[in-house]
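Participant: I'd like to ask some things about the structure below.
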Amino acid sequence: MKLKELPEVFKAALPVLERLENGGFEAYFVGGSVRDILLGRHIHDVDIATSAYPEEVKKLFDKTIDTGIQHGTVTVLYDGESYEITTFRTESGYQDFRRPDHVTFVQNLDEDLKRRDFTINALAMNTQGEIIDLFNGLEDLENKVIRAVGDAETRFHEDALRMMRAVRFMSQLKFNLEEKTEQAISDNHQLLQKISVERVRDEFVKMGLGPNARKAFDVFLKTHLSEDVPEFAGKRDLLEIFPKLKFSPTMETSLWSIVIILLKIQNNQIASFMKKWKNSNAMTNQVEQIIACFDLLADRVPSDYEIFKVGKQVLFNTIDVANILGQPINSNALIDRYFALPIKSNDELVIDGRFLIEKGINPGPKLGETLDKVKKEVVSGNLRNSQDAISEYLESL
Ligand code: ATP
Ligand code: MG
């Protein structure tokens, strides 16, 4: 198969490949970008594989960065773009079911393609737009199938993260999992425990946010992969709601909030749950606020002041979560009420602590209390947000 017209991103990268070829080396576009172009998906980065060794690549280009020399990767800056150029390699010595101990550079593309995870990720394209397809990746693309390159079981033994990548690509690409590949995951899911939580988490999040997240999550549960990620073991019953949700999340904060709600995790356990997944404090903090707001909305119709305190971002994110979970809340009314608030953030209040001190209130707890009182009255619409009106109000206290 040959592409008639190379997409712009590839055209821009052509001179890079040509320079490698003119230097006497082979060079191809490889991996995700070739797959994505054939699927008509947006391409975020173009990966290049070459027979040149990293030192040889560096000699051919003025601006390079040693991204991962030991793995054969050099980043080349060319015409305002950056390209990862990786020497053809095989990976050997998968001692503990995760990344190989060392890589061996090889002189032909075939060996390099063989080490790749799935047939659709093992495609290459030359400067002429010709697709090199050693494992029927094109057919699998056509049939929307994720299939391991070679023997699935062996491949998952080499690197167990590939099992998570399988369900992640299912979700992102809306593909199905080929039968033997799925069986190999079911038979080997425990190997996932060998993989660092951060790497599993990144794949989990990509899976959870893909357009086919619910179906992928179903397979993630069915194959028991879910038993080998933090805090999910033995919780399949609770998680089975995810595939049945009305739609799937598009924000990472929503994804974690939904998982926490489905797992019925207590509020004081959220931080420890998030930590087990090695999530950042910032992410944890946002999720805690969303869950608190979710509980508030489930409990009562919030006051204007409560809506104000929650703030736009958390409020909208919570509405998103509630809608995904099919929670009966009146989103439109809440959104209207938020937009109708006289002030929407603290800095819209025309007075501050200094103003109160000038009005004779001494610094201390009283100051904060008074400021809150003023804010509450303004937010509730009982007091105009003007210095005159507020001065008058202070005198009446
Ligand atoms: P994305 O769109 O998420 O970047 P991608 O397919 O480009 O998808 P990357 O993680 O960027 O995925 O990897 C680039 C390529 O490297 C893959 O297409 C695949 O050929 C190969 N690859 C990546 N991770 C593995 C792995 N764990 N085992 C085997 N091959 C892998
Ligand atoms: Mg990529």
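Where a number appears in this text, it was derived from the coordinates with a stated rule and is not lab data. Note that this is a predicted model, so its numbers are computed, not measured. Cβ coordinates were reconstructed from backbone atoms using ideal geometry, including for glycine residues, and neighbour counts include every protein chain displayed.
Participant: So how much slack lies between residue 62 and residue 102, counting 0.36 nm per residue of separation and subtracting their Cα-Cα distance, in nm?
Facilitator: Between residue 62 and residue 102, full extension yields an extra 11.6 nm.
Participant: What does the net charge come to around residue 248 if you take all other residues with beta carbon closer than 14 Å to its beta carbon, with K and R at +1 and D and E at -1?
Facilitator: Within the 14 Å Cβ shell, the charges total +4.
Participant: Let's see if you can work this out: charge +1 on each Lys and Arg Cβ, -1 on each Asp and Glu Cβ, no other charges. What is the dipole magnitude of the range 276-336 about its Cα centre, in debye to the nearest 20?
Facilitator: Taking the Cα centre of the range 276-336 as origin, the dipole is about 280 debye.
Participant: Between residue 395 and residue 305, what is the spin-label point distance in nm, taking each point 7 Å from the Cα along the Cα→C-beta axis?
Facilitator: Between residue 395 and residue 305, the label points sit 2.4 nm apart.
Participant: Another question, then. Roughly what would the spin-label model give for residue 280 and residue 45, points 7 Å off Cα along C-beta, in nm?
Facilitator: 1.7
Participant: Still on this model: How long, wide and thick is the range 211-307, going by the Cα atoms along their three principal axes, in whole angstroms, largest first?
Facilitator: 47, 28, 22
Participant: Please tell me the relative contact order of the chain in percent, rounded to the nearest whole number, where contacts are Cα pairs under 8 Å and at least six residues apart.
Facilitator: Relative contact order for the chain comes out at 9 percent.
Participant: Would you calculate the separation in nanometres between label points at residue 359 and residue 323, each defined as 7 Å from the Cα along the Cα-to-beta-carbon direction?
Facilitator: 3.9
Participant: Using 0.36 nm per residue, how much length does the chain from residue 250 to residue 70 gain when fully extended, once their Cα-Cα distance is taken away?
Facilitator: 61.2 nm
Participant: I need the calculated FRET efficiency for the pair residue 77 and residue 5, taking r as the beta carbon distance and R₀ as 30 Å, to the nearest 0.05.
Facilitator: 0.70
Participant: Residue separation times 0.36 nm, minus the C-alpha to C-alpha distance between residue 186 and residue 373: what's the value?
Facilitator: 61.4 nm
Participant: In addition: Give me 154, 318, 64 sorted ascending by neighbouring Cβ count inside 10 Å, so fewest comes first.
Facilitator: Ordered by Cβ neighbours within 10 Å, fewest first: 154, 64, 318.
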